[in-house]
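> Please find one structure pasted underneath; my questions will follow.
The values are calculated or read from the model by the stated rules, or taken from the named source; none is laboratory data. Quantities reported herein were computed from a predicted structural model and do not represent experimental measurements. Every residue, glycine as well, gets a Cβ built from its backbone with ideal geometry; the counts of neighbours run over all protein chains shown. All accessible areas refer to the heavy atoms of the entire protein, side chains included, with ligands and DNA or RNA removed. Shrake-Rupley method; radii C 1.70, N 1.55, O 1.52, S 1.80 Å.
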Amino acid sequence: MSKATELRALLSGDRMVRTVGARDGLSAKLVQEAGFDAVWASSFETSATHGLPDASLLTMTQFLDVAEAMNLVVDLPIVADCDTGFGGPLNVAYAVQRYEKRGIAAMSIEDKMFPKMNSFAATAQHLVSTEEFVQKIQAGKQAQESGDLLLIARTEALIAGFDLDEALRRAHAYADAGADAILVHSKSRNPDQVLGFGARWDRDVPLVAVPTTYPVVSEKDLYEVGYRLVIYANHGMRAAIKGMRATLADLARSDSAAGLEDSLASMAEVFALQNMPAAFQELA
Ligand code: SPV
Ligand code: MG
């Protein structure tokens, strides 16, 4: 069974599909090891890993290579964050063909204008018209070879300051255009927007939530109003930054690395994560 088919089966199951953001093969492996269902190949994390803002700076092939690096080393399906789809409908169609060939289970495209800026940046956000985004969805769905790959349509209507009516109007159009799921992004500090959207959602198309600014929401509450996929988009990377900062600050204050061992993963742990042949895992 392809990973896309597995993800489809999970989404029509009777529980929330739980996804965590990653930026490379190693972080994807840690997501898998912790027991989650899928890996979010986050544009925010991937950009940050390059030391760059999440602002459409990297190319489609750079994002694709990262998604593939993950896909090759985990059994979990990859949900690839494809930002605005890398351009217009033709770019979306091309991206779908390329991602599908590399075995990526799902792609998410959002209705912001290219170049996009991260949804939480202190800036005005501009959306493409509903019609333009519908064309992207249709182009993407027509381009895929098998019916399996999931194309997630993400509306940034709430991020851009529109109300629930506009978010719903767009989401209906995207579902009608063939989107396999609808991601409703919100930067509200509480889950009311996202829960309110779900309460009014009347289609048989699963909803996706990204509870970054409203972490208090429970998966149970999201599930009850139609969310089937939850994405903890950047929690692994933020934990890694905090841990690495603290350890490096300790090292900077010290004359040796002697005091650090307790805060470090062992070499053996890294070897295991690298899938080193067992014979090589004996430490020198
Ligand atoms: C990402 O993880 O890249 C996302 C989620 O798209 S957000 O950063 O909230 O836009
Ligand atoms: Mg992103």
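> Within segment 32-44, can you find the residues that are under 18 Å from residue 211 (Cα atoms) and either surrounded by fewer than 24 Cβ atoms within 10 Å (Cβ to Cβ) or away from ligand 2 (no atom under 16 Å from the Cβ) (or both)?
Listed by number, the residues that qualify are 36, 37, 44.
> Another question about this same structure. Please go through (1) buried (at least 24 other Cβ atoms within 10 Å of the Cβ); (2) away from ligand 2 (no atom under 15 Å from the Cβ); (3) within 30 Å of residue 274 (Cα to Cα) for residue 68 and return the number of the only condition it doesn't satisfy.
It is condition (1) that residue 68 fails.
> So the check is Cβ under 6 Å with 6+ separation or different chains; which pairs have a first residue in segment 221-232 that's in the same structural domain as residue 194 (by TED's automatic domain parsing) and a second one that's open to solvent by 10 Å² or more (accessible area, probe 1.4 Å) and polar (S, T, N, Q)?
Here the result reads none, with nothing in segment 221-232 linked to a residue that is open to solvent by 10 Å² or more (accessible area, probe 1.4 Å) and polar (S, T, N, Q).
> Could you list, in sequence order, all residues of segment 230-259 that are more than 29 Å from residue 47 (Cβ to Cβ) and not hydroxyl-bearing (Ser, Thr, Tyr)?
253, 255, 257, 258, 259
> Please state which of the following conditions residue 231 fails to meet, knowing it meets all the rest: (1) open to solvent by less than 60 Å² (accessible area, probe 1.4 Å); (2) part of a helix (DSSP H, G or I); (3) within 16 Å of ligand 2 (Cβ to nearest atom).
The one condition residue 231 does not meet is (2).
> On to the next question. For a quick check of your reading of the model, give me the residue pairs whose first member lies in segment 243-270 and is outside any helix (DSSP H, G or I), whose second is of a type in the set (S, T, N, Q), with beta-carbon atoms closer than 8 Å and at least 6 apart or on different chains.
Hits for this filter: 264/247.
> Here's a follow-up. Pick from 75, 83, 54: which is part of a loop (DSSP other than H, G, I, E, B), open to solvent by 30 Å² or more (accessible area, probe 1.4 Å) and acidic (Asp, Glu)?
Just a single option satisfies the conditions, and that option is 75.
> Go over the candidates 124, 167, 175 one by one and state the one that is without any contact (Cβ under 8 Å) to a residue 40 or more places away in the chain, open to solvent by less than 10 Å² (accessible area, probe 1.4 Å) and not aromatic (Phe, Trp, Tyr).
Going through 124, 167, 175 in turn, the sole match is 167.
> What are the residues in segment 224-242 that are under 18 Å from residue 29 (Cα atoms) and more than 14 Å from ligand 1 (Cβ to nearest atom), if any?
239, 240, 241
> Limited to segment 1-23, what total is found for residues that are crowded, with 19+ Cβ neighbours inside 10 Å and part of a loop (DSSP other than H, G, I, E, B)?
Looking only at that region, the number is 2.
> I need the full set of residues from segment 86-107 which are surrounded by 24 or more Cβ atoms within 10 Å (Cβ to Cβ) and within 13 Å of ligand 2 (Cβ to nearest atom), in order please.
Once the filter is applied, which keeps residues that are surrounded by 24 or more Cβ atoms within 10 Å (Cβ to Cβ) and within 13 Å of ligand 2 (Cβ to nearest atom), segment 86-107 yields only 107.
> I would also like to ask the following. Just checking, how many residues over segment 26-51 are small (Gly, Ala, Ser), closer than 14 Å to residue 76 by Cβ and in a helix (DSSP H, G or I)?
Qualifying residue count, segment 26-51: 2.
> While we're looking at this one, here's another question. Please name all residue pairs, on different chains or six or more residues apart, with Cβ atoms under 7 Å, provided the first residue is in segment 83-109 and is more than 16 Å from ligand 1 (Cβ to nearest atom) and the second residue is open to solvent by 30 Å² or more (accessible area, probe 1.4 Å) and part of a loop (DSSP other than H, G, I, E, B).
Close Cβ pairs (under 7 Å, with a partner that is open to solvent by 30 Å² or more (accessible area, probe 1.4 Å) and part of a loop (DSSP other than H, G, I, E, B)) amount to 87/114; 100/145.
> If you don't mind, there's one more thing I want to ask. Would you check if there is a residue in segment 153-164 being more than 15 Å from ligand 2 (Cβ to nearest atom), in the same structural domain as residue 17 (by TED's automatic domain parsing), of a type in the set (A, V, I, L, M) and open to solvent by less than 10 Å² (accessible area, probe 1.4 Å)?
Within segment 153-164 (the criterion being more than 15 Å from ligand 2 (Cβ to nearest atom), in the same structural domain as residue 17 (by TED's automatic domain parsing), of a type in the set (A, V, I, L, M) and open to solvent by less than 10 Å² (accessible area, probe 1.4 Å)), the answer is yes, since at least one residue qualifies.
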